[in-house]
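First the structure, in the form of structure tokens, and then the observations on it.
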Amino acid sequence: MNLSPLQKARYEYQPKLPGMLRNGIAEISVQEGAATQSVADQDKIKALFPNTYGKKEVTFVKGKNTSVAKKQVVGVILSGGQAPGGHNVISGLYDALKATNSENVLLGFKGGPDGLLNNDYITFDDEKINAYRNTGGFDIIGSGRTKLEKESQFDIVAENAKKNGLTAIVIIGGDDSNTNAATLAEYMAKKGTGIQVIGCPKTIDGDLKNEDIEASFGFDTATKTYSELIGNIERDANSAKKYWHFIKVMGRSASHVALECALETQPNICLIGEEVAAKKMSIAQITNYIADAVETRGNKKENFGVAIIPEGIVEFIPEFSALIAEINDLLAGEKTDKFNALPDWNAKYDFIKKGLTAESFKVFDILPQGIQQQLFLERDPHGNVQVSLIESEKLFSELVKNELAKRKAAGTYKGKFGIQHHFFGYEGRCAFPSNFDADYCYSLGYNAFMLIQYGFNGYLSKVSNIAKPAEEWVAGGMPITKMMNMERRNGEDKPVIRKALVELDGEPFKFFAKHREEWAVNTCFTYPGAIQYYGPAEVCDLTTRTLFLEKGQN
């Protein structure tokens, strides 16, 4: 296989571990902290997880390793969407496992949870692991989105685990995947299988975090990748001076990616979904907010700019959320077939008009026809609108264009409005991990094995103090149930990990809010450039602006 020079160099990069994990396996002891409780709905979560609820947080410290020595056969899966650094979690897990006992075995189950259900796996060895160190993607064993939530599924997993002599399973995934890990851990404890389940926090969206999990892995690399591209576009916009670029970025349930990219690049506009929801902003208000900046700049003959739009913005707009809910009801069950059988868009439009309330139809009717039609594309498995298919960057650029036409007719706007559209999603999910993510992910994997060695079950691998140099990072674990609450899903109350939204009273948003008025009307662009892998630590090992601001650094 032909390798690029960067590939060759990255294979040889040695990730940095937290200081305590550098002592050698024999000199790593465990220190227990306080007992925990779930973030909400304590009685309900405790009743659902009687065997794994309320366990203590743990930290690894220097001292004699008191774990019971035994051969470990560990299974690992990658679950959900790709995030840079997943291969390093597996590498760290493998290295710690082999450093403890060369006879320990690591099995990689292929295609995510389906691999556990189908008993489809590979046995890792040095050659396989070395070919993927410090690389992006999940292609080492693939991933999948099958949910592990039914007892019948757990029975199959337990049987396959028994066949292979597994002592533990590591699930690398986001909030849904780690909710599944918690449920599987409870099952294993309830049935007395002796099989431990450990989770690792992954998602580029940045919404799997709390007071313990300071960042999910992949967020650093993905936002650096997007910020490089946005910075390049800003430089082009400032050079050509004739386009407004509307850029949609990943983040359906939270706006962390959009906010981080804004902190890195200082665009003219960045919408934050959580603020839109808190202020109950209408489509018209958002449109006017953007149009005001375009008008001010255009009247100064600066007919260019950059607007960042989070992927899930429409779900944060109250009137749009109400519209989506009505559409979901309008096409429930067999009604979808009836709608699809209508001969053309005019007939469908009449069907929609009759089926929506006057308030929701008023919202629907101001949308460009292309966006209207996107609301009626293929439904998700639950029969709902697939919000991710809505091109919100085109929605707002078209609405702003129409608003500016009115202002031009009224004589208040004298500029020109050329538009370019972009969506940055897949570009960031499998990039070569930054040094931070390479180090962080390797540490999460190494640390996951320490949790296994000490017999913990239903825990999330936790590495904290990560705004500091790696030497000062703190390794340990927390019960997954600590992050859980009850939420309504598909008509039922279910235990899930609470998503972390952008905090409007948090330092990252406050910094953004303090500067955005200036960024809106002036050209304050900053250009992060490409991720740097080699050079001074102050350039190569920096993590996100979000994390620095949260930790009171600048």
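Laboratory data are not the source of any read-out in this text; all were calculated from the coordinates shown. Model, not experiment: these values are computed from the prediction. No Cβ is skipped: glycine too gets one built from the backbone with ideal geometry, and neighbour counts run over all protein chains shown.
Helix 318-330 axis versus longest C-alpha principal axis of the chain: approximately 80°, rounded to the nearest ten.
As a size descriptor, the averaged projected area of the C-alpha convex hull of the stretch 221-290 was calculated at 5.0 nm². Apply the Debye scattering formula to the stretch 155-226, with a single equal point scatterer on each alpha-carbon and no solvent, then give log10 I(q)/I(0) at q = 0.11, 0.24, 0.25 Å⁻¹. The calculated log intensity ratios at q = 0.11, 0.24, 0.25 Å⁻¹ are -0.35, -0.99, -1.03.
For the stretch 181-300, the relative contact order works out to 18 percent when only alpha carbon pairs closer than 8 Å and six or more residues apart are counted. Taking Cα atoms only, the orientation of helix 86-100 departs from the longest principal axis of the chain by about 10 degrees. Mean residue ellipticity, 222 nm, helices only, the chain: the sum of -39500 (n - 2.57) across DSSP H runs of n ≥ 4, divided by residue count and rounded to 500, is -13000 deg cm²/dmol. Direction-averaged projected area, Cα convex hull, the stretch 445-553: 11.3 nm², rounded to one decimal. Our compactness index for the stretch 175-217, the C-alpha radius of gyration over the empirical 2.2 N^0.38 Å, is 1.34. Other residues with beta-carbon under 10 Å from the beta-carbon of Glu487 carry, at +1 per Lys or Arg and -1 per Asp or Glu, a net charge of +2. Panel note: the C-alpha atoms of the chain, placed on their principal axes, show extents of 80, 58, 49 Å (largest first). For the chain, the relative contact order is 24 percent, taking Cα pairs closer than 8 Å that sit 6 or more residues apart in sequence and dividing their mean separation by the residue count. Give the angle, between 0 and 90 degrees and rounded to the nearest 10, that separates the Cα long axis of helix 392-410 from the longest principal axis of the Cα atoms of the chain. Approximately 20 degrees, to the nearest 10.
Sort the stretch 69-208 into rounded, prolate or oblate with this rule: let a ≥ b ≥ c be the square roots of the eigenvalues of the Cα gyration tensor; rounded if a/c is under 1.5, and if a/c is not under 1.5, prolate when a/b is larger than b/c, oblate otherwise. Note, shape of the stretch 69-208 comes out oblate. For the listed peptides 142-154, 423-435, a ranking on the average number of other beta carbons within 10 Å per residue, highest first, reads 423-435, 142-154.
For the pair Glu517 and Arg489, label points projected 7 Å from Cα toward Cβ lie 4.3 nm apart. Counting only the Cα atoms, the stretch 391-477 fills a convex hull of 190 Å³ per residue. For the residue pairs Lys147/Lys202; Lys209/Lys468; Lys301/Lys514, the C-alpha atoms sit more than 19 angstrom apart in Lys301/Lys514.
Here the Debye sum runs over all C-alpha atoms of the stretch 345-407 as equal scatterers in vacuum, and log10 of I(q)/I(0) at q = 0.29 Å⁻¹ comes out as -1.26. Its Cα centre serving as origin, the chain has a Cβ charge dipole (Lys and Arg +1, Asp and Glu -1) of approximately 300 debye. Taking the Cα atoms of the stretch 43-144, the ratio Rg/Rh between the radius of gyration and the Kirkwood radius comes to 1.04.
Take the residue pairs Lys482/Lys551; Lys401/Lys510; Lys56/Lys224 and return only those whose Cα atoms are more than 24 Å apart. In this structure, Lys401/Lys510; Lys56/Lys224 lie more than 24 Å apart at Cα.
Alpha-carbon geometry of the stretch 194-249: the Rg and the Dmax are 17.6, 65 Å, given in that order. Here the scattering of the stretch 299-446 is modelled by Debye summation over its C-alpha atoms, one equal scatterer each and no solvent; at q = 0.09, 0.12 Å⁻¹ the log10 of I(q)/I(0) is -0.44, -0.70. So if I take the centroid of the Cα atoms in the stretch 123-184 and the same for the stretch 27-60, what is the distance between those two points in Å? With the stretch 123-184 and the stretch 27-60 each reduced to a Cα centre, they are spaced 23 Å.
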